[in-house]
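**Q** Here it is, the structure in full.
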Amino acid sequence: MARRRQLTTRSTSSATAGDDTQHVTERVRFARARSGASSAPSASAASAGTAEVRCAVGDLTAVVHVSGADAPDVVVVLVHGVGSSARAFDPVRRALLRPGALSRAAVQAIDLPGFGAAPRAPRDVSIEEHAAVVAEHVRRHVLDLPDSAPRPVVVLVGHSMGAQVVAQAMADHPREAPAGVLVGPTADRHARSAPRQALRLARDAVGERPRALATLAVDYVLRCSLPHYARQVRHMLAHRLEDVVRRVPGRLVVVRGAHDPIAPRLWCRELALAAPRGMFREVRGRHHAMDADPEGIVAAVRDAGGLPRGLPRDLPQGLPRGLP
């Protein structure tokens, strides 16, 4: 079993010399592996261990759970929704690291400031600020390599409010966020009010899988404060995703579960058509399609990253694929 390791890296003015040394050591290890000086572990071995990386940007701190290859060809960054955490993506993380899913992949699942394992946010945080934290993490911990080291393909995947964060990162920070997947993006402009979103959320909960509901219950009640959640919902409703995607230069795949009442087909197709390089994909499940159809999300990651498709058995059957 791969040895569990914990990395704590800060790049602020208050970072200690020990922090900087650890960051440099990690970069050297990564660069040597990229150049072939050491062999990368297999996907099955790599997925056994998870590193925890902290990224501090000003007074905001995100916690990133990193698993997979030490010298990846592909890095997939997972961004959760409001009130949730990186744990919501566990089925997708396992599917991405399954042998044959992607070539030498690393998965980096983020707990945004104030959510999951991240410290409580000291203030209100906008969608734009969340996006900046995600982009800064990618810059420091994925792209900050020696000039001779090849860069991996980077794909960001966001769910619900996380989809808004990913799209904002792609628009504001295209180098760090060159490709993305929006899963069940909020908030539908045809129902952009707290009461209507709450009603849709209740309708969705009726048919969601027990694992998704249990994870949400713990994250909502125990790991996210109610005031922070309420402030984030206000930002979620005020954000105009349909305008942001028009500024996204990279390849963008909009995904919805076939029975998702929160992100209707009309809304998702509208976003895909508005994005200059947008695509629409529908998979099995409801709003938390990551639980019902993780392989469908993997296929969307391949589309966004321009990566080779897997075997036909990897893709869900009987659903529309790659609609314009």
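**Q** Where both partners of a DSSP beta bridge lie in the stretch 61-132, what percent of those bridges are antiparallel, to the nearest 5?
**A** Here the antiparallel bridges make up roughly 50 percent for the stretch 61-132.
**Q** To continue, here is another question. Using only Cα positions of the stretch 82-174, each an equal point scatterer, no hydration layer, compute I(q)/I(0) via Debye at q = 0.10, 0.16, 0.22 Å⁻¹ and quote the log10 values to two decimals.
**A** Debye curve over Cα of the stretch 82-174, log10 I(q)/I(0) at q = 0.10, 0.16, 0.22 Å⁻¹: -0.29, -0.74, -1.26.
**Q** So how do 227-240, 153-166 stack up, highest first, on mean other-Cβ count within 10 Å? Could the numbers behind the result be given before it?
**A** Values: 227-240: 16.3, 153-166: 28.7.
Highest-to-lowest ranking by the protection proxy: 153-166, 227-240.
**Q** Further question on the same structure: For the stretch 156-204, run through the trypsin sites (Lys or Arg not before Pro) and keep only the ones in DSSP coil with at most 16 other Cβ atoms within 10 Å of their Cβ.
**A** The qualifying sites are R175, R192.
**Q** Assign one of three labels to the stretch 124-174, namely rounded, prolate or oblate, based on the Cα gyration tensor with a ≥ b ≥ c the square roots of its eigenvalues; rounded applies when a/c is under 1.5, prolate when it is not and a/b is larger than b/c, and oblate otherwise.
**A** prolate
**Q** If you don't mind, there's one more thing I want to ask. Rg/Rh for the stretch 257-297 to two decimals, with Rh computed the Kirkwood way over all alpha-carbon pairs.
**A** With Rh from the inverse mean 1/r over Cα pairs, Rg/Rh is 0.99.
Here, each number is a calculation from the coordinates, and none is a lab measurement. Computed from a prediction, not measured in an experiment: that's the story for all the values here. All Cβ positions, even for glycine, are placed from backbone atoms using ideal geometry, and neighbour counts span all protein chains on display.
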